[in-house]
Amino acid sequence: MSLHRPKPPLPSDDTRWKLVNATMRRNGYADHALIETLHSVQDAFGFLDETALRFVAASLDVPLSKVFGVATFYHLFRLKPKGRHTCVVCTGTACYIKGAGVLVDALRAHHQVEPGETTADGALSVLTARCVGACGLAPAAVVDGEVVGKLAPEALLERLDQLEHAKTAPAPPPRARAPA
């Protein structure tokens, strides 16, 4: 005889929780679905907060410590919201030798942010990765999903500043049509 504990109620009436619950239901609320469920939460909400971790632990009947351990072990899971822009500096061998550390130092100094953090204003998340697959472009970074290579610190900072200003700058006025 198998005893099933009742599943906890959804944390809120936000419909995104139904997507998360569907992932768990599809896997029979089994603990082997933990990573898939955490991905589902992050896809739905953008990050994993304490409420989400507690809900997943209770729903899958696994210790909160295990859920937290998995969420903090894998670097792709975020426990805080990410910034409007992301910059992932490659720290693989080729990039490291060609100056990745200088790029990280420039980001740290200019944006007052450590790798793995987001600026206080929510504009930029800075991350590092062991390799982004662009060794021939070392040192490289991935800025908002686009690989940028052969970077000098000044060029990286300028690119990030342009991204933020482009988002906050007013749209240019429409151009007049050429006479037909």
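We did not get these values from a lab; they are worked out from the coordinates using the rules stated. Just so you know, these numbers come straight off a predicted model, no measurement behind them. Here the Cβ is made from the backbone with ideal geometry for all residues, glycine too, and neighbour counts use every protein chain on show.
Stretching ALA166 away from LYS82 to a fully extended chain increases their span by 28.4 nm, per 0.36 nm per residue minus the current alpha-carbon distance. Be a star and scan region 123-164 for residues whose amide nitrogen sits under 14 Å from the point 7 Å along the Cα-to-Cβ vector of VAL102. Counting only backbone N, you get 138-140, 150-157.
Relative contact order for the chain: 16 percent, from Cα pairs under 8 Å spaced at least 6 residues apart, divided by residue count. Beta-bridge orientation, the chain: approximately 55 percent antiparallel, per DSSP, counting only bridges with both partners inside.
Remark on the chain: CYS87, CYS131, CYS135 stand apart, with no other cysteine beta carbon under 4.7 Å.
Hull surface divided by four, with the convex hull built on the Cα atoms of region 32-134: how many nm²? It would help to have the intermediate numbers written out before the result.
Numbers: hull surface 30.0 nm².
Answer in nm², one decimal: 7.5.
Calculated from DSSP H runs of 4 or more alone, at -39500 (n - 2.57) each and per residue, what is the 222 nm mean residue ellipticity of the chain, nearest 500?
Details: 7 runs with 77 residues, N = 180.
Result for the chain, helices only: -13000 deg cm²/dmol.
Applying D = kT/(6 pi eta Rh) to region 85-165, where Rh is the Kirkwood radius over alpha-carbon pairs, T corresponds to 4 °C and eta to 1.567 mPa s, the Stokes-Einstein value obtained is 107 µm²/s. What does the charge add up to near ALA138, with Lys and Arg as +1, Asp and Glu as -1, over the other residues with Cβ less than 11 Å from its Cβ? Once all neighbours under 11 Å are counted, the net charge is +2.
Convert 25 °C to kelvin, take the viscosity as 0.890 mPa s, use the Kirkwood radius over C-alpha pairs of region 16-73 as Rh, and evaluate the Stokes-Einstein diffusion coefficient in µm²/s, rounded to a whole number.
226 µm²/s
The Stokes-Einstein estimate for the chain, based on a Kirkwood radius over Cα pairs and taken at 37 °C with 0.692 mPa s viscosity, is a diffusion coefficient of 173 µm²/s.
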